[in-house]
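Participant: Sharing a structure here in C-alpha cells format.
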Amino acid sequence: MHSYSDSGSKDTRSGFGAGLLELGRSNPDVVALCADLTGSLKMDAFAAEFPERFFQTGIAEAHMIGMAAGLTIGGKIPFTGTFANFSTGRVYDQIRQSVAYSGKNVKICASHAGLTLGEDGATHQILEDIGLMKMLPGMTVISPCDFNQTKAATIAIAEHDGPVYLRFGRPKVPNFTPADRPFVIGQADVLTEGSDVTICANGHLVWEALEAANALEAKGIKAEVINFATIKPLDLETLLTSVSKTGRVVTAEEHQRHGGLGDSIAQALAMHRPTPMEMVAVNDSFGESGTPAQLLTKYGLDAANIVAAAERVLQR
Amino acid sequence: MTQQLHDLPSQVRRDILRMVHAVQSGHPGGSMGCTEYFVALYFDILRHTPAPFNMDGQGEDLFFLSNGHISPVFYSVLARSGYFSVEELNTFRKLDSRLQGHPTTHEGLPGVRISSGSLGQGLSVAVGAAQAKKLAGDDRLVFTLHGDGALQEGQIWEAALYAGSKKVDNLISTIDANGQQIDGSTDEVMPMGDIGSKFAAFGWDVLHIPQGNDLDAVRSGLREAIAKTGKGKPVCVVMQTSMGYGVDFMAGTHKWHGVAPSDEQLEAALAQLPETLGDYPA
C-alpha cells in the first residue's frame, strides 16, 4: 500500500494563491494581473498586500495577456490569473504572438481546469488547454497534483526565465505531497515503486492513480506511479527508466486524449521505446454539469478506470 | 540636423521601395504614409539609446508598432538611427534574416521589443510597459502606432478602456488615419466614425494632426501630445496620412497595401524620390 496520506483536502488554486503571496514578499519584481476573478483565483491576499503590483484588468483577458507581455519590458515577472478556458483558448493568439513568439517571461496561471470544475458545465471545463499550450515553441507546461505541489510550482516558475502555463483547479482534493518539497521544473516524481505497470498521471488524477495502485496491489499487481506534473519539457529519463522495468504504461489525466500528457508520453515511447499503453483521458467529447466525482466516473477518469486500464494493458 | 531631418523622408521611402521590390513582397503603402511620423519620432522626439540596445529600456522612451505589416518603414528608420547597420536592410524578408516580414524579437533585432503582425495587440503591450515604467519611477514615455483599420480589433478597445479608466498618462498612441484597409476604404469595409471621439469617450486626451505627411506638423503635434502627458489621461493622436505618399501613382489608394513595385514602377518611383543620404548597398 502506498504511504501517502491526505493531510487535509484543499483546492490547488489555494496553493497558487499561497505561493503567489509568498513570492510577493520575497521577490519585488513579481506582479499579478487578474481579469475579474480575484477571489476564484485566490489572488486576494496578494492584491491586498501589494496593491501597487496588482493589476485588475476587468473582464478583458486578451488585454491582460498583452499587458503582461508589456510588463516584462522593464523586468517585471507577471503572473496572470483567470479560468483555464479564458487563459488559453480565448487568448491563444495573444499568447502566441505577444508572449511565446516574443519570448516574454509571462506566467499564465489557470484555475478551474478540467471536468472537476463541476456544475458550471462544458463552457468552462476546458479539456484542450494543455494541448494548446504545449504546441507553442518555448512554452513550459505544468499541472501539479495538490495544494503543496501547486504552491511549490508557483514559487519555482518565478525563477524560470521564459513563458510558463501553470494549470490547477477548483475542487478540494487530498493534499499529500510534502509541504517543504521544492518543485523542479521538468522532473517527474516516482511516488510508488512497482515492477508490473507504470502509471503516469498528473493534476487531480495523481491521487486517483495512487488509489488505483492500492487496488492493483490487492490483486497482486505492482504499479509504479509517477507524477508527471511537468508535461513540457517531459522527463524522458524517468519515463524510460520506469518503462524498461515494467514494459507497460497507463497514462491518466483530466484532459482530452488528443494533446495531453498521454499524447506526449505516447510520442516519446514511440520514438524511444515502443511500449503497450492505455490512456485514461476524455475521449473526444465535451464535459457537462455534475459534481466533480460524478464527472470523473462518467467520463472514465477515476481510480476504478485506471485499474481497468492497467489490467487491459497487462493482457496485451 | 534640421536639413538632415528633412532629407530623411525621401531616403526612407527609397529604402522602403527598394526593400519591398527586392523580394517582391511586403507592405509599401502604409509604410510610405507613416514615413514622416517615424522620422519625427526616431530623429526628433524619442529620448532613446540605439546602441547598445537594451530591451528593458529603463530611462528611455519606448515605441511599439502595433500594425506590424509596415515593417519596411520601421526597419529603415531603426537602421538609419543606429540600431543596426543600414546594409542589413538588404536582408529584408530573406531566409536567415533578422528583418522578418513582420517585426519580431525572436531573431534579436535591436530596436524591436515585441512581435506584431496579428493586429490589435500592441496597445495592451504598451499599457503594460507604461505601467512597468510607473512602478520603476521612470518618467520616460511610451509611444504606439496603430492603423485605423486595425482599430476594428476588439482588443484595442479593451486596452483603450483600461488605459483611460486606470489613468495610464505616460502613453501616447497615434492612429494612422489613412482611411484605407486591404479590402478597400475603411468607409466601404467598416466605417470608423469619429475615431477621436471614440477615444475621448474612453477617457483619453485627444489631439489631431491633419497633415500627417508634413514632417514639421507631425513634430509639433507630437510635442503637443507630450505636453499633455502626466495629467491623468493617456493621449491619442489622430494623424491623417495618405497611404503611398511620396510617389504620385502610389498615393491615396489601398492598392499598394501589400503589393511590390515592378522594375519599371520602382524606377519611376525612385525618380520622384531624391537619394538624399545614400542608398543602402543592394
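Bear in mind that the values in this text are calculations on the coordinates, not laboratory data. This is a predicted model, so every value here is computed, not measured. For neighbour counting, all protein chains shown are included, and Cβ atoms are generated from backbone atoms with ideal geometry for every residue, glycine included.
Participant: So, with +1 on the Cβ of K and R and -1 on the Cβ of D and E, and no other charges, what is the size of the charge dipole of the stretch B:90-220 about its Cα centre, to the nearest 20 debye?
Facilitator: Dipole about the Cα centre, nearest 20: 600 debye.
Participant: So what J values fall out for the stretch A:202-214 if you push phi through Karplus, 6.51 cos²θ - 1.76 cosθ + 1.60 with θ = phi - 60°, rounded to Hz, Gly and Pro as x?
Facilitator: Each residue of the stretch A:202-214 in turn: 8, x, 5, 7, 5, 5, 4, 5, 5, 4, 4, 4, 4 Hz.
Participant: Counting only other chains, what is the mean number of Cβ atoms within 10 angstrom of the Cβ of each residue in peptide B:108-115?
Facilitator: Whole-number average of other-chain Cβ neighbours for B:108-115 is 4.
Participant: Right, here's the next one. Ignoring everything except DSSP H segments at least 4 long, calculate the 222 nm mean residue ellipticity for chain B; use -39,500 (n - 2.57) per segment, divide by total residues, nearest 500.
Facilitator: That calculation yields -11000 deg cm²/dmol at 222 nm.
Participant: Using the beta-carbon distance between B:ALA200 and A:SER3 and R0 = 60 Å, what value does 1/(1 + (r/R0)^6) give for FRET efficiency, to the nearest 0.05?
Facilitator: Working from the Cβ atoms, E equals 0.35.
Participant: Using alpha carbon centroids, what distance separates the stretch B:27-88 and the stretch B:98-173, in Å?
Facilitator: Answer, in whole Å: 14.
Participant: Calculate how large, on average over all directions, the projected area of the Cα convex hull of the stretch B:139-282 is; give the answer in nm² to one decimal.
Facilitator: Result: a mean projected hull area of 10.5 nm².
Participant: Once phi is turned into ³J(HN,Hα) by the Karplus curve 6.51 cos²θ - 1.76 cosθ + 1.60 with θ = phi - 60°, what whole-Hz value does each residue of the stretch B:177-191 show in order, with x for glycine and proline?
Facilitator: For the stretch B:177-191, the Karplus-derived couplings read 8, 9, x, 10, 8, 4, 7, x, 6, 4, 5, 6, 7, 7, x Hz, x marking Gly and Pro.
Participant: What are the semi-axes of the equivalent ellipsoid for the stretch B:113-162, taken as the square roots of 5 times the Cα gyration tensor eigenvalues, largest first, in whole Å?
Facilitator: 22, 11, 9
Participant: Order B:191-198, A:31-38 from most to least packed using the mean count of other Cβ atoms within 10 Å.
Facilitator: Output ranking for B:191-198, A:31-38: A:31-38, B:191-198.
Participant: Same structure, new question: Calculate the length of the line joining the C-alpha centroid of the stretch A:122-146 to that of the stretch A:33-64, in whole Å.
Facilitator: 21 Å
Participant: Still on this structure, please answer the following. What list of ³J(HN,Hα) values in whole Hz, one per residue of the stretch B:193-204 in order, does the Karplus curve 6.51 cos²θ - 1.76 cosθ + 1.60 (θ = phi - 60°) give from phi, with Gly and Pro shown as x?
Facilitator: Listing the rounded values in order: x, 8, 4, x, 5, 5, 5, 4, 5, 8, x, 9 Hz.
Participant: Over the stretch B:2-270, what per residue volume does the convex hull of the Cα atoms give, in whole Å³?
Facilitator: 114 Å³
Participant: Given the C-alpha centroids of the stretch B:188-229 and the stretch A:254-315, what is the distance between them in whole angstrom?
Facilitator: 56 Å
Participant: Let me ask something else. Quick one: plug the Kirkwood hydrodynamic radius of the protein assembly as shown (C-alpha pairs) into Stokes-Einstein at 25 °C, 0.890 mPa s, and report D in µm²/s.
Facilitator: 95 µm²/s
Participant: In addition: Run the count for chain B, please: Lys pairs, Cα-Cα under 24 angstrom, 8 or more apart or on different chains.
Facilitator: 22
Participant: Equivalent-ellipsoid semi-axes (√(5λ), Cα gyration tensor) for the stretch A:10-173, whole Å, largest first?
Facilitator: 20, 19, 15
Participant: Here is a further query. Among DSSP bridges having both ends in the stretch B:86-237, what percentage is antiparallel? Round to the nearest 5.
Facilitator: If we restrict to bridges inside the stretch B:86-237, about 15 percent are antiparallel.
Participant: Another question about this same structure. Any idea what the dipole of the stretch B:1-67 comes to, in debye rounded to 20, about its Cα centre with Lys/Arg Cβ at +1 and Asp/Glu Cβ at -1?
Facilitator: For the stretch B:1-67, the charge dipole is close to 280 debye.
Participant: Can you list the trypsin sites (Lys or Arg not before Pro) in the stretch B:99-188 that are in a DSSP coil and have 15 or fewer other beta carbons within 10 angstrom?
Facilitator: B:LYS167
Participant: Further question on the same structure: Within 10 Å of each Cβ in B:151-162, how many Cβ atoms from other chains are there, averaged over the peptide?
Facilitator: 4
Participant: Just counting partner chain Cβ atoms within 10 Å, what average do the residues of peptide A:87-98 show around their Cβ?
Facilitator: Average per residue, whole number: 3.
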